[in-house]
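In what follows, a single structure is set out as structure tokens and then discussed.
The values are calculated or read from the model by the stated rules, or taken from the named source; none is laboratory data. Keep in mind that this is a model prediction, so the values were computed, not measured. Note: ideal-geometry Cβ built from the backbone for every residue, glycine included; neighbour counts use all protein chains shown. We work out accessible area using only protein heavy atoms, side chains counted, and drop any ligands, DNA or RNA first. Shrake-Rupley method; radii C 1.70, N 1.55, O 1.52, S 1.80 Å.
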Amino acid sequence: MSEPLVLVESRPDGVTLLRLNRPPLNPLSTALLGELEGIASGLAADASVKAVVLTGNEKAFAAGADVSEFTADGAATVVRAGIRSGLDALAAIPRPVIAAINGFALGGGLELALACDLRVAGDSSRLGFPEVQLGIFPGGGGTQRATRLIGPAKAKDLIWSGRNVRPEEALTIGLVDRVVPAAEVLDHALEWASSFAGGAVVAMGIAKRVVDGGLDGSLATGLDLEAEGFVEVFDTDDARVGIRSFLDDGPGKATFSGR
């Protein structure tokens, strides 16, 4: 039996570590994306999961889609559907999801990182959308998620040029959130995820849904989503515990269950 294409490690602090397992460059085949979709859907339904870290290896987070699949009849439809389903499932996990990026995060690999909530990059990493060099453009969410994150002009520059971006520039333009030495990327991401895992993760998940949903509409629509989520979060155990703890003991003393 072949090894899984995505390795899953459940850690004692409630953080789940996902590691892409197609060395050395972790190309995103439809099979890998299918595994990722199934795993992400399972994590989304598992209340014991408090936060998620996604990583690759020291050579590559993921160096792109599996270009060997591009030549088959109907490849565009199949590849697009696979990456859309896999990345949408990852983005839908109602918990903080952090990408730990070392080496290359290119094309579909960068799109995968953008489907996460936060990104930590190693100081030797390289990010970009090289698809234009194949005569195509990012089709796994890159044109939309990058634009929402860094704005249309910067997104167009990356997509049209196909150039690799060094981590310092990626941090400056907001493509990543933190840059650390390459050897510290995974530990840093796990520590960051753990800092969320001990908190009110249900409230974080509702806030994530409201933030992401509000990007697609007017301010009024976003405020309506916020109002609905605010009412919803008050009905959680964590809210009851947090409010009572604040009244009894002051701020920052609550112990949350994640329910």
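Observations
- Every pair of residues 6+ apart whose Cβ atoms lie under 9 Å, when the first sits in the stretch 188-204 and is without any contact (Cβ under 8 Å) to a residue 40 or more places away in the chain while the second is open to solvent by less than 40 Å² (accessible area, probe 1.4 Å) and not small (Gly, Ala, Ser): 203/233; 203/236; 203/238
- Residue match in the stretch 104-120 (condition: among the acidic types (Asp, Glu) and touching a strand residue (DSSP E or B) at 6+ places or on another chain (Cβ under 6 Å)): yes
- Top-ranked residue in the stretch 131-146 [being β-branched (Val, Ile, Thr) and outside any loop (DSSP other than H, G, I, E, B); ranked as most open to solvent (accessible area, probe 1.4 Å)]: 132
- Members of the stretch 71-87 that are touching a residue at least 12 places away in the same chain (Cβ under 8 Å) and touching a helix residue (DSSP H, G or I) at 6+ places or on another chain (Cβ under 7 Å): 78, 79, 82, 83, 85, 86, 87
- Members of the stretch 91-102 found to be touching a residue at least 60 places away in the same chain (Cβ under 8 Å) and not in a loop (DSSP other than H, G, I, E, B), listed by number: 91, 98, 99, 100, 101
- Assessment of the stretch 88-98 against the conditions (more than 25 Å from residue 256 (Cβ to Cβ), open to solvent by 10 Å² or more (accessible area, probe 1.4 Å) and touching a helix residue (DSSP H, G or I) at 6+ places or on another chain (Cβ under 9 Å)) yields at least one matching residue.
- Being out of contact with any Asp or Glu (no Cβ under 8 Å at 6 or more places or on another chain), surrounded by fewer than 20 Cβ atoms within 10 Å (Cβ to Cβ), among the β-branched types (Val, Ile, Thr) and more than 22 Å from residue 167 (Cα to Cα) is true of residue 8.
- Check on residue 246, without any contact (Cβ under 8 Å) to a residue 12 or more places away in the chain, open to solvent by 40 Å² or more (accessible area, probe 1.4 Å) and of a type in the set (Phe, Trp, Tyr): yes
- Taken over the stretch 167-181, the criterion of being in contact with a Ser or Thr (Cβ under 9 Å, 6 or more places away or on another chain) and surrounded by fewer than 17 Cβ atoms within 10 Å (Cβ to Cβ) is satisfied by 181 alone.
Residues are listed down the side, and each one gets a yes or a no for (1) more than 22 Å from residue 161 (Cα to Cα); (2) open to solvent by 40 Å² or more (accessible area, probe 1.4 Å); (3) of a type in the set (Asp, Glu):
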| residue | (1), (2), (3) |
| --- | --- |
| 66 | no, no, yes |
| 73 | yes, yes, yes |
| 86 | yes, no, no |
| 100 | yes, no, no |
| 109 | no, no, no |
| 112 | no, no, no |
| 117 | yes, yes, yes |
| 129 | no, no, no |
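- In the stretch 226-239 there is at least one residue matching the filter, namely being more than 28 Å from residue 14 (Cβ to Cβ), out of contact with any Lys or Arg (no Cβ under 9 Å at 6 or more places or on another chain), without any contact (Cβ under 8 Å) to a residue 40 or more places away in the chain and of a type outside the set (Lys, Arg).
- Consider the stretch 183-235 and keep the residues that are touching a strand residue (DSSP E or B) at 6+ places or on another chain (Cβ under 6 Å) and small (Gly, Ala, Ser). The one that is surrounded by the fewest Cβ atoms within 10 Å (Cβ to Cβ) is 194.
- Scan of the stretch 44-56 for residues that are under 16 Å from the mean Cα position of the chain (by Cα) and open to solvent by 20 Å² or more (accessible area, probe 1.4 Å), ordered by number: 44, 50
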